[in-house]
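Only one structure is covered here, and it is reproduced in the block below.
The values are calculated or read from the model by the stated rules, or taken from the named source; none is laboratory data. Every value quoted in this text rests on a predicted model; they were computed, and no experiment measured them. Here the Cβ positions follow ideal geometry from the backbone for every residue, glycine too, while neighbour counts run over all protein chains shown.
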Amino acid sequence: MKNLLLVISLIIIAGCSSAQKASEVNASRVSIAPYLSMSCKGLATEQNALLREAEALGAQVDSEYSSDKGVEIAAWILFAPAAFFLDGNAESSAKLSTLKGQLEAIQEAQKINECTS
């Protein structure tokens with residue numbers, strides 16, 4: 001019974017952070033207009049650059065998520081009020097959301113410009 005209570009408490013505590021995994025970050029809407037005037041080659045180049053940047057930022061978001069969860073558990077165990085002041089990874093997640101939106105806009109522009117992969 002004691003172990004069950006401990007497990008339930010840890011599950012509740014672990015759900016308190018605002019940190020997100022990279023896979024949980026949704027794309028924000030980005031205007032397609034800047035991409036419509038680009039050539040297919042330019043779109044592909046921009047897409048590749050954004051993919052590399054999104055991959056690196058995704059790894060950073062996941063790292064911050066893991067770190068935040070670890071700090072959160074330690075904060076709850078050592079000093080519970082400190083757990084309410086964790087920042088999460090909102091800044092990195094917002095950047096990743098914008099990158100994902102840009103990638104979606106490029107894909108839309110590629111379809112409109114009838115670019116082939």
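What to note about this one:
- Residue pairs meeting the criteria (Cβ under 8 Å; at least 6 apart or on separate chains; first at pLDDT below 90, in the stretch 20-42; second part of a loop (DSSP other than H, G, I, E, B)): GLN20/GLY88; GLN20/ASN89
- Checked across the stretch 49-66, the condition of being modelled with pLDDT under 65, among the acidic types (Asp, Glu) and under 15 Å from the mean Cα position of the chain (by Cα) holds for no residue.
- Output for the stretch 31-71, where each listed residue is under 12 Å from LYS21 (Cβ atoms) and of a type outside the set (A, V, I, L, M): GLY58, GLN60, ASP62, SER63, GLU64, TYR65, SER66, ASP68, LYS69
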